[in-house]
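Here's the structure we're looking at; comments come further down.
The values are calculated or read from the model by the stated rules, or taken from the named source; none is laboratory data. In this text the structure is predicted, and so the values were computed from the model without any measurement. Ideal geometry is used to build each Cβ from the backbone, glycine not excepted, and the neighbour counts take in all protein chains shown.
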Amino acid sequence: MPPLKVKDPELLPGTNPDTDCQPPPEPLITPALDEEEEEHVHAVTWGALENGADGHSLDSWRQRPSRWAVWLEKAALAVEKPVNRMIGNQRLNPFYHTGAIALFLLLVVGLTGFYLFLFFQYGYEASYESAARYDNQFIARAVRAIHRYASGALVITTLLHAYRTLFMEQFRGPRWLAWVTGIALTGIIWLAGVTGYWLLWDTRAQLINDSFIRFLAAFTPWAAGYVALLTEAEITGKSWPILLVILAVHVLLFLVAALFFWLHIRRLKRAKWLPETHWLAGLTLLLIAVGIAFPLTMLPPANPLTRPLTVSLDPIFLFFLPVAGQRTAVFLWLSLLVITAAALALPWLSPVRSRQAAARLPKVNILKERCTGCTKCALDCPYGAITMVERHDNKPHKYIAIEDPSLCVSCGICVGSCDGVAVTLGETPPALLWDEIALRLSLVQAKTTAPVKLVFTCERHAAHNSFENQGTATSPAVEIIALPCVGVLPPDVLPRVLEAGAAAVQVIGCPPEDCRSREGNLWTAQRLMRHRVPRLKRPYAQSPITAVWQPPNEFARALHTPPVMAADETGQMQPDYMASRRYHWPLTWRHYVAAFALLLLVLLAQIWLTDVWVATAVNHSPRITILLSDPAAPLALPSEQPIAYVLSLEGQPIWRQSIAADRLDVPLFAENLVDPGTYAVQWWLELGEGHGRVILFDDTVTLTPGDVLRLQYQPDHSTRCFDDDCAQ
């Protein structure tokens, strides 16, 4: 194996490792270090820590997940397992990168949307013709398809990310902001997609418009005014302001989504904005390929005089269209509203036992008298719960670490980052960690004469596995110790475990990019590989210390993973323990092909669903709509008495609407379903007893399924009659 490259320690700006991180004036005697080591000598170290945690237990540090969260994670792991096997390298599992992929897709949606905006025109016909022109140009046609497919993929990826956050219970305490903004973000992205479909003014937009009118009619008094505005724009040909407003809402929703993305990650240190280069390149090529190979199809333009009976449905954004106007729609929207409200309130409404357990978790606690200001804990904390400030207490150190418990999630990564034993969780002494390890090791040694293997894992793995009877009399005994996160483990503890009699030490952590504490597995891997301080001491670089990074349902497989073998100078195969701790295994073309072939299948499924034709509603009956933007218009003169509008079929009134004299300035809109057939339709304004009526429509019409008969006031077609004449 080639000689290791030792990186310089990562420290905060302005820190001098030679002068700012020195021990107190009279340090305890510690073993001499290799002269090439850059770790700093401390008064107290994990390698020479005295016992001192009597009466305390490591259990107080552990974050036991809720039972419901474990079951949700089991479902996710069942899907992820074949994906990992198919790809062959966990680094390319898309489930581990949903957050960064979502942001990349948002950028794609924004860039392609801006391109389409440059050539878009406004108006019922103009907007539809703009989309038709896109289809006649190669680049515009592909960009339009990419915009649509990336939007759908964005919603799917966001939902997957939310599900992952849910079963990892990353929504309590200081993480509430990320959770709440994430839920709101999903709704905003969905609504932006709906307005995007609305812009084209085709039959899909017509159905969206119908649903919006029903919403206004059910919850506001503005339905009639809105329909009058649409109709007037259609008659006059001045519809561009309506489409301009929809476009403005569409763009505004995108900008709000971008703002919520920023709020979503603002409390994270080292937030990962974009996925790795291979993801960027692969996803870009996939989107371009499907955009070129599968252009979007144009639906017929919107026609207010007929209702579409079928529609090409996009279930991601337009799932509500097949049930629009039915009682099922009420149940659908109420269910979604309840689920969304419950999700938003989850950080505060989770089960009492879960909330109490989360409240009892100990927070970061800096032992100020031991702190040397080396900045490692502040650098390693994923949530910014530790900051470094200048020291003014006559100590020979420039900085001191200051904790902020309100930002702490009790992951314990800071404990593993401090080789000076100056960080703990809660009020328990840091010696608690070594006491627990020494006790567990001595107990298993007392039970067997076989070599003992000590395994460190995280609480997430512990929740999915039973650790009973892991060893036998004929094979090395195994003792498994669960920590809140493997990042809790200081690298100096592992050599001490070997010196205490363990034959081997193994660390089993979560896969890359899948740590519940975000960076605990990464920091531990880098410490063991001697790429990050505090790191495993050079004399122990080839000690029997290994690490495996696997999901919780692969724990048994990880437990029996042998060390990597390599040829020594004599050609003999020997364990290469340093290589056995590596975090990322090399990627090959086979891995890339498998991963992106899988993503291509998902995209093709999404494309297929986008073009599935479904019935728009169970009830396709024709309808007669009545629209009066000014109900007093047929009177010619203002009326001081109530009036009524009446609709009759075959001489039988089927609808009547009385209007008070002070409500004549309120637009009137009504919709009546009828059976298909031929009818003598009459619509009149009733002026009151003895005052006659104004006939507004009188004709025989044939109505077929989906037809819309729109009745509006037309002065040239109205006649006035009195009671005796009207009866004839």
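Considering 251, 227, 245, which residue is without any contact (Cβ under 8 Å) to a residue 12 or more places away in the chain and closer than 23 Å to residue 124 by Cα?
Numbers: 251 fails: without any contact (Cβ under 8 Å) to a residue 12 or more places away in the chain; 227 fails: without any contact (Cβ under 8 Å) to a residue 12 or more places away in the chain.
Criteria check complete, one pass: 245.
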Exercise for review: Taking residue 574 as the residue in question, decide whether it is surrounded by 13 or more Cβ atoms within 10 Å (Cβ to Cβ) and not in a helix (DSSP H, G or I).
Suggested key: yes
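For the stretch 674-696, enumerate the residues that are within 21 Å of residue 714 (Cβ to Cβ) and at pLDDT 85 or above.
Within the stretch 674-696, the subset within 21 Å of residue 714 (Cβ to Cβ) is 679-687, 692-696.
Answer for the stretch 674-696, where residues must be within 21 Å of residue 714 (Cβ to Cβ) and at pLDDT 85 or above: 679, 680, 681, 682, 683, 684, 685, 686, 694, 695, 696.
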**Study point:** Identity of the residue in the stretch 206-223, of a type in the set (A, V, I, L, M) and either in a loop (DSSP other than H, G, I, E, B) or at pLDDT 90 or above (or both), that ends up farthest from residue 333 (Cα to Cα)
**Key:** 223
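Could you run through the stretch 266-281 and say how many residues are surrounded by fewer than 19 Cβ atoms within 10 Å (Cβ to Cβ) and either of a type in the set (A, V, I, L, M) or not in a loop (DSSP other than H, G, I, E, B) (or both)?
Just the residues of the stretch 266-281 that are surrounded by fewer than 19 Cβ atoms within 10 Å (Cβ to Cβ), to begin with: 266-274, 276-278, 280-281.
Restricting the remaining residues to those that are either of a type in the set (A, V, I, L, M) or not in a loop (DSSP other than H, G, I, E, B) (or both) gives 268, 271, 274, 277-278, 280-281.
Of the residues in the stretch 266-281, 7 are surrounded by fewer than 19 Cβ atoms within 10 Å (Cβ to Cβ) and either of a type in the set (A, V, I, L, M) or not in a loop (DSSP other than H, G, I, E, B) (or both).
Consider residue 625 carefully, then state whether it is at pLDDT 85 or above and crowded, with 16+ Cβ neighbours inside 10 Å. Spell out how you get there, then give the answer.
Values: at pLDDT 85 or above: yes; crowded, with 16+ Cβ neighbours inside 10 Å: yes.
It is true that residue 625 is at pLDDT 85 or above and crowded, with 16+ Cβ neighbours inside 10 Å.
Restricting the stretch 639-663 to residues that are touching a Leu at 6+ places or on another chain (Cβ under 9 Å) and farther than 22 Å from residue 716 by Cβ, which is surrounded by the fewest Cβ atoms within 10 Å (Cβ to Cβ)?
Going through the stretch 639-663, the residues touching a Leu at 6+ places or on another chain (Cβ under 9 Å) turn out to be 639, 641, 643-647, 653-657, 659.
With the extra rule that they be farther than 22 Å from residue 716 by Cβ, the set shrinks to 641, 644, 653-657, 659.
Working: 641: 10, 644: 14, 653: 12, 654: 15, 655: 15, 656: 12, 657: 15, 659: 18.
By that ranking, first place goes to 641.
Against the definition (assigned to a helix (DSSP H, G or I), modelled with pLDDT under 90 and in the same structural domain as residue 179 (by TED's automatic domain parsing)), how does residue 338 come out, yes or no?
Against the criterion (assigned to a helix (DSSP H, G or I), modelled with pLDDT under 90 and in the same structural domain as residue 179 (by TED's automatic domain parsing)), residue 338 does not qualify.
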Study note, to complete from the structure: Within the stretch 161-199, restricting to residues that are farther than 22 Å from residue 409 by Cβ and under 14 Å from the mean Cα position of the chain (by Cα), the one that is surrounded by the most Cβ atoms within 10 Å (Cβ to Cβ) is 189
